Structure formats: C-alpha cells, structure tokens
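Novice: Sharing a structure below in structure tokens format, with a few things to ask.
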Amino acid sequence: MSQNFPPLEPAELPADAVEVGRIADAWGIKGWFRVLPYSASPEALFSSKRWYLQPAEKGAKTFTGTLRLAIKEAKEHSDAVVASAQDVPDRNAAEALKGARIFVPRSSFPTASTDEYYWVDLIGLEVVNREGLALGQVRDLMSTGPQTVLVIAYEQDGKTRERMVPFVAAYVDAVDLPGRRITVDWQADFDV
C-alpha cells in the first residue's frame, strides 16, 4: 500500500454482502470521496455505517483483500453520492481509494415498503405464469426509464434464451420472496 493509503482494518466480507457501488474519486480536500452507486435509489449506502471495500476489478490496485471503512456521513450530491470516513483524513487518502468496489451487508438495507423490492432479492427467483407454467429464472433486471423489466433465462432446444417481462402490476401478480417465486400474467409464446 502507498504511504497515502488510509490505515483501514482488514475484514472478512459478510456472507450477505452486496456490491452497491464504487469509489469514483476524491471530492474536495477534506477526505471526502465521490461514489458511483449501482442503483438509482442508493439507500443502502446511506443506511450502512460500515462499508467493505475490495480492489477495483480493472486498473490500479492500491490494496488487496477486503477492508472495512467506517462511514461518518454519506449524502446525495448531483448525480452521485459523496461520503466521508473516519480513517480518510485528506484528499490524498481519498484518492488512494479510487476504483474500490463497495459492499454492504444485505441485512443493513432499509426495509422495503409494501410492494417494493430490492433487485438483489429478485435475482434467482423462479417465474411462473398464472397456469403454473415455469417461464424461467430471473437472471437480471433492466431499467428502461418508465419501468423495470425482469430478464428471465430459460432453456429451449438445449440453448439458454431470454424473455423479458415488465415488472409492473399489470403483469406481476405476486412476489413470494420466502418461496423464491414470482407469479406473472404472461404466456411463454409472448416472446416468440
């Protein structure tokens, strides 16, 4: 680690850790840094006072392993989030974190409102239609602006294919997180 690197403590990544963003660069001269959240609603960054950092996947790596960062404050600023941490006293220390991937424990996410879900909780759920026909498994979600779309992977003729179902009340009948299932008003041949 460089001499400018802040004295952060090594840590184990929590079993329920979710990657929620990355550190973009230093912000100001007092140790603040700019974060690019992976969600348009970065509540998980605001609700957790302990972030876990791992090195960038590409580019310069200023540290190895997992480090715990004690957050003093995180807030929205323009199109990003800015944050300050206890062991990041100045701009040089903040610059040393550039590119770091940010993880927070899923257990520290704020409770979602009724009929609101975190994308991370929907990935991997089985999707069936009203008739009980299996349509596949949620592989990803995609924001199209006005709505979110479930990207569902399924097997056909020995190949993995995708179908997309708008994640809106008109098509989604029920989300059963404990049962790991989403019931939709959709037919298998809608995609063909």
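Computed from the coordinates by the stated procedures, all read-outs in this text should not be read as laboratory data. Remember, it's a predicted structure, so these values are computed and weren't measured experimentally. Positions of Cβ are backbone-derived with ideal geometry, glycine not excepted, and every protein chain shown enters the neighbour counts.
Novice: Which whole-number percentage describes the relative contact order of the range 1-78, with Cα contacts under 8 Å and a sequence gap of 6 or more?
Specialist: Values: 87 pairs, mean separation 25.4, N = 78.
Worked out over the range 1-78, it gives 33 percent.
Novice: Looking at Pro166, Leu135, Gly124, which one has the Cα that reaches farthest to the positive end of the dipole of the range 119-191 (charges on Cβ: Lys, Arg +1; Asp, Glu -1)?
Specialist: The residue sitting most towards the positive pole is Gly124.
Novice: Here's a follow-up. Can you work out the FRET efficiency for the pair Lys58 and Thr160, with r the C-beta to C-beta distance and R0 = 25 Å, to the nearest 0.05? Working shown, then result.
Specialist: Numbers: r = 26 Å, r/R0 = 1.06.
My answer for the efficiency is 0.40.
Novice: Under 8 Å for C-alpha pairs, at least 6 residues apart: give me the relative contact order for the range 119-191, rounded to a whole percent.
Specialist: Answer for the range 119-191 is 29 percent.
Novice: Also: Give the residue from Val175, Ala74, Ala100 lying farthest towards the positive end of the charge dipole for the range 66-192; charges sit on Cβ (+1 for Lys and Arg, -1 for Asp and Glu) and the dipole is referred to the Cα centre.
Specialist: Ala100
Novice: So, one more: Which whole-number value in Å³ per residue fits the convex hull of the alpha carbons of the range 119-191?
Specialist: 90 Å³
Novice: Give the peptides 165-174, 86-95 in descending order of average Cβ contacts within 10 Å, highest first.
Specialist: Values: 165-174: 14.7, 86-95: 18.4.
Descending packing order for the listed peptides: 86-95, 165-174.
Novice: Also: Quick one: what do you get for the range 9-108 if you divide its Cα Rg by 2.2 N^0.38 Å?
Specialist: That works out to 0.96 for the range 9-108.
Novice: Report relative contact order for the chain in percent, whole number only (criteria: Cα-Cα under 8 Å, sequence separation at least 6). All intermediate terms of the calculation are to be shown ahead of the outcome.
Specialist: On the way: 397 pairs, mean separation 37.7, N = 192.
Result for the chain is 20 percent.
Novice: Out of all DSSP beta bridges with both ends in the chain, state the antiparallel percent to the nearest 5. Walk me through the intermediate numbers first.
Specialist: Numbers: 49 of 53 bridges.
Of all bridge pairs located within the chain, approximately 90 percent are antiparallel.
Novice: With +1 assigned to the C-beta of every Lys and Arg and -1 to the C-beta of every Asp and Glu, and no other charges, what is the dipole magnitude of the range 119-191 about the Cα centre in debye, to the nearest 20? Don't skip to the end; give the middle numbers.
Specialist: On the way: 7 positive and 12 negative charges, 27 e Å.
The calculation lands at about 120 debye.
Novice: If we restrict to alpha carbons, what Rg and Dmax does the chain come to, in Å?
Specialist: Rg and Dmax of the chain, Cα atoms, are 19.8, 63 Å.
Novice: Binning at 10 angstrom from zero up to the longest distance, how are the C-alpha pair distances of the range 53-95 distributed in percent?
Specialist: That works out to 23, 50, 27, 0, in percent per bin.
Novice: Length gain on complete extension for the stretch Asp176 to Leu13, per 0.36 nm per residue less the alpha carbon to alpha carbon distance?
Specialist: Values: separation 163, 0.36 × 163 = 58.68 nm, distance 2.77 nm.
Contour length minus Cα-Cα distance gives 55.9 nm.
Novice: Extension gain Glu76-Asp140, at 0.36 nm per residue separation less the Cα-Cα distance, in nm? Intermediate results must be reported in sequence, preceding the final value.
Specialist: Values: separation 64, 0.36 × 64 = 23.04 nm, distance 2.58 nm.
This chain segment gains 20.5 nm when fully extended.
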